[in-house]
Amino acid sequence: MNTMNALYTFYNRGNPILSAGTMARVETTSNRPYHLVIFGASGFTGQFVVEEVARTASEGPKGSLKWAVAGRSKQKLEKVLEQAAEVLGKPELRTEVDVIVADVGEPDSLAAMCKQAVIVLNCVGPYRFFGEPVVKACVENGAHHIDISGEPQFLEGMQLNYSSQAAEKGVFVIGSCGFDSIPADMGVIYTRDQFKGTLTAVESFLTVSMGPEGGCIHDGTWQSAIYGFADSQNLQSLRRKFNHKPLPTVGSKLRRRGALFYSNEIQEYALPFMGSDPSVVKRTQRFLAEEYQATPVQYGAYAGVGGIGNIIRLMFAGMMFWLLVKFGWGRNLLIKYPEFFSFGMFSKAGPTRKQMEGSSFRFSFYGEGYTDGQDPAQGKPNAKIRTLIQGPEAGYVATPIAMVQAALTMLNEPAALPKKGGVYSPGAAFAKTTLIDRLNKHGIMFSVI
């Protein structure tokens, strides 16, 4: 693969490109004036990404950041800048941030946007419908791509279809850089780095707290889940195309828990985490094992659901969801009435700022392994570790922080990224960077307990 990459020394436009083993290109030029372009900036999550970029602009290369917003409607984008100017008390945002009109349905507009960006922060979901044209335009036009997708089929499909082309072009496509799945993926890496010896297995337990105002999730995430579950068969056949050999199991095999169980770790009922975290962590562990000969860490992900009342609600919602998601008419109903079918957990309006302020998350990691000098092939693990990640509201406060810090890490630390471009999970891309330190400074706190 390396020899192949080295053969590609020119872009199709005649500009030199990255061959294998050189640093990611992160400088702005007169033709590529923006460090960051936020695509989908006027969407529900996009508006909070805009605010986070504005808040952290001084952390860009040499203390400044050139950025722009992009999307279908100039008026909506201007309105978002107006809102950010008001919320942050930064009136200059109204005039200093450029607006780019670009539409997923118009490839030429995407190409024009990507030519101007060092990194595109793609906030336009569901990614299974709208993600690929943006990835394609980024790869073809030399822009790195960061998204906040929690959709394994999109993430793994992009890896299958674009990784070698991205490597040829020296482009980094880094998926799932929001709450899905930076805390889980970097949490496993942090736990491994803090463990004195060989870490072989980790289980994580997620709990979310709401303030007196309650909380909910915007229905964009609900739609992604609906289409993801409806199409789960295709995910299996996509995975077969990679022809991956099973990762070796080092140490005792991690026992899978039941569909619903009482967790002594978090002192409440828990169930397997339905999101993309397990698949993202597995991709990272595979990369680290193949690239750096690291010991792969087995991973199990669970989420706390609280007491009996919550379980009953969840069972009803779950049964209705499973029944309806299999049929076209059922999916339409689920999409039309998210609040009703999710018992208020998802809504078309999304949470209020007040609700966000009162919400937080805790990710507890329980790891086991072998102390230095112990042979993982012999006997049971003889050491344990417990780590914790705590942070603000997951979907619209922690997600923009994670996404923007991932981008700033790329801009400031290109030498610490993998040797060549490609489609990466966050842990694969950022294992050797200071991303965890950066997150710590921004309220997503990693600690050993």
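Counting only heavy atoms of the protein chains and using a 1.4 Å probe, PHE48 has close to 20 Å² of accessible surface. In the structure shown, the pairs LYS420/LYS441; LYS74/LYS115; LYS245/LYS420; LYS196/LYS380; LYS136/LYS326 are assessed against 21 Å; a Cα-Cα span above that value is assigned to LYS420/LYS441; LYS245/LYS420; LYS136/LYS326. Leaving ligands, DNA and RNA out of it, report the carbon-plus-sulfur percent of the accessible area of the chain at a 1.4 Å probe. Answer for the chain: carbon and sulfur cover 54 percent of the accessible area.
Solvent-accessible surface of protein heavy atoms, probed at 1.4 angstrom with all chains present, puts MET210, MET274 in the order MET274, MET210, largest first.
Under 5 Å between amide hydrogens, built in the peptide plane, is the criterion, and for CYS177 it picks out ASP147, ILE148, SER149 among residues at least 5 positions away or on other chains. In a fully extended conformation the segment linking MET23 and GLU92 would gain 21.5 nm over its present Cα-Cα distance, using 0.36 nm per residue. Between the labelled values (i) 23.6, 78; (ii) 21.6, 65; (iii) 23.1, 82, the entry that holds Rg and Dmax of the Cα atoms in Å as derived from this structure is (ii).
For region 109-125, 3J(HN,Hα) computed residue by residue from phi via the Karplus equation (6.51, -1.76, 1.60; θ = phi - 60°) reads 5, 5, 4, 4, 5, 5, 5, 9, 10, 6, 10, 9, 8, 8, 10, 9, x Hz, glycine and proline entered as x. Ligands, DNA and RNA excluded, the heavy atoms of LYS169 present near 30 Å² of accessible surface to a 1.4 Å solvent probe.
Of the listed residues SER232, SER181, the order by accessible area with a 1.4 Å probe, largest first, is SER232, SER181. Across LEU155, LEU333, LEU388, mean-square fluctuation computed from a Gaussian network of the chain (C-alpha pairs under 10 Å connected) peaks at LEU333.
These residues, ARG192, ARG255, ARG438, go from largest to smallest accessible area, 1.4 Å probe, as ARG255, ARG192, ARG438. Rounded to the nearest 500, the helix-only mean residue ellipticity at 222 nm of the chain stands at -12500 deg cm²/dmol, with each DSSP H run of n ≥ 4 adding -39,500 (n - 2.57).
Result for the chain in a Gaussian network model with C-alpha springs under 10 Å: among ASP372, ASP231, ASP103, the largest mean-square fluctuation is at ASP372. Near ILE401: Cβ cut-off under 11 Å, other residues only, Lys/Arg at +1 and Asp/Glu at -1. The net charge is 0.
The mean accessible area for residues of the chain, using a 1.4 Å probe and ignoring ligands and nucleic acids, is 46 Å² per residue.
What is the local net charge at PRO212, summed over the other residues whose Cβ is closer than 15 Å to its Cβ (Lys, Arg +1; Asp, Glu -1)? Summing Lys/Arg as +1 and Asp/Glu as -1 gives -1.
The values are calculated or read from the model by the stated rules, or taken from the named source; none is laboratory data. Please read these numbers as outputs of a predicted model, since none were measured by experiment. Cβ sites come from the backbone with ideal geometry, for glycine too, and all protein chains shown count toward neighbours. Just so you know, the surface numbers come from the protein's heavy atoms only, side chains and all, with ligands and any DNA or RNA stripped out. Shrake-Rupley method; radii C 1.70, N 1.55, O 1.52, S 1.80 Å.
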